[in-house]
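What follows is a short report on a single structure.
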Amino acid sequence: MRKKIVAGNWKMNLTVNEGLVLIEELKKEVSSGIMADELIVFPPYIHLTAMVENAQNEILVGAQNCHQEENGAFTGEVSAHMLAASNIGHVLIGHSERRAYFNETNDLLAKKVEVALNASLTVVYCCGETLPEREENRHFEIIKSQLTEGLFHLTAEQMANVVIAYEPVWAIGTGKTASADQAQEVHAFIRKLVYDAYSTSIAQGVSILYGGSCNPTNANELFSKPDVDGGLIGGASLKAIDFIQIANAY
Ligand code: PGA
């Protein structure tokens with residue numbers, strides 16, 4: 001059985017104290033039981049150690065990015081190894097904001113994925129098309145190249161530590177969500193790509209999360225689809241009550 005995962009991408013939001021309050025609220029809810037198997041938060045780098053200490057493994061903590069090299073003269077950057085050494089278990093790779101604003105290409109992301117897995121992190125690899133790409137009916141082609149070029153160089157063993165997030169760029173932070181049928185169509189397509197590249201067991205085991213204006217109102221319908229294993233949540237992960245409602249929307 002693959003894991004049901006709800007993950008919160010805080011992006012560049014919340015001060016450390018606001019983050020700690022949120023973690024406390026989430027912990028209270030998690031201790032009384034949630035439907036998701038895993039609840040993960042992705043705070044800004046500077047908050048990571050404080051969050052991981054306070055989350056006490058009841059909530060998992062991941063980083064929003066890492067550098068593609070193991071170490072060296074890369075001012076301002078953080079390596080996968082440093083994250084792992086600070087007890088961070090997950091890293092987001094290939095979020096569309098990194099692709100769009102920081103020029104991250106599939107080739108670069110392939111290196112980041114590799115270095116993160118070598119440091120024993122679990123990778124949440126993001127893919128998704130822009131609005132023009134969907135309007136031109138190129139979304140399948142785009143997603144296929146994002147996965148083939150950024151992810152499918154991995155061995156089957158490495159793939160066991162990868163979660164995939166489908167995030168249509170036109171739905172991120174826009175209040176527009178993919179319909180549950182649109183999400184299911186793409187998630188089934190992604191699972192088939194994993195099957196073609198690897199095997200039935202890898203394809204059946206990989207959790208595929210939906211992201212893009214997922215909220216307490218639409219999460220239930222999205223998560224009811226057979227290939228939607230959870231969500232990567234931006235805006236709605238900043239409020240404990242909303243995030244927990246999503247974590248219970250199975
Ligand atoms: P959103 O962001 O939920 O605010 O649309 C999702 C994401 O970018 O991960």
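The values are calculated or read from the model by the stated rules, or taken from the named source; none is laboratory data. Keep in mind that what you see is a predicted model, and the values were worked out from it rather than measured. Positions of Cβ are generated from backbone atoms using ideal geometry, with glycine treated the same way; all protein chains shown enter the neighbour counts. In case anyone asks, the SASA skips ligands and DNA or RNA and just uses the protein heavy atoms, side chains included. Shrake-Rupley method; radii C 1.70, N 1.55, O 1.52, S 1.80 Å.
Among the numbered criteria (1) within 16 Å of the ligand (Cβ to nearest atom); (2) under 24 Å from residue 218 (Cα atoms); (3) of a type outside the set (Lys, Arg); (4) buried (at least 16 other Cβ atoms within 10 Å of the Cβ), which one does residue 13 miss?
The one condition residue 13 does not meet is (4).
Please tell me if residue 110 is in contact (Cβ under 8 Å) with a residue 60 or more places away in the chain, within 19 Å of residue 63 (Cβ to Cβ) and not hydroxyl-bearing (Ser, Thr, Tyr).
no
Being more than 14 Å from the chain's Cα centre (by Cα) and at pLDDT 95 or above is true for just one of 65, 103. Which residue is that?
103
Only one of 175, 150, 128 is of a type outside the set (Phe, Trp, Tyr), open to solvent by less than 30 Å² (accessible area, probe 1.4 Å) and at positive phi. Can you tell me which?
Result of the check over 175, 150, 128: 128.
Could you please find all residues in region 64-120 being open to solvent by less than 20 Å² (accessible area, probe 1.4 Å) and of a type in the set (D, E, K, R)?
Hits for region 64-120 are 104, 112.
Which of the residues that make up region 161-189 are over 16 Å from residue 130 (Cα atoms), out of contact with any Ser or Thr (no Cβ under 6 Å at 6 or more places or on another chain) and not charged (D, E, K, R)?
Correct list: 162, 164, 180, 184, 187, 188, 189.
Could you list, in sequence order, all residues of region 31-48 that are more than 17 Å from residue 122 (Cα to Cα) and touching a residue at least 60 places away in the same chain (Cβ under 8 Å)?
Within region 31-48, 34, 35, 36 qualify.
Please count how many residues of region 202-229 are within 12 Å of the ligand (Cβ to nearest atom) and touching a residue at least 40 places away in the same chain (Cβ under 8 Å).
So the answer is 7.
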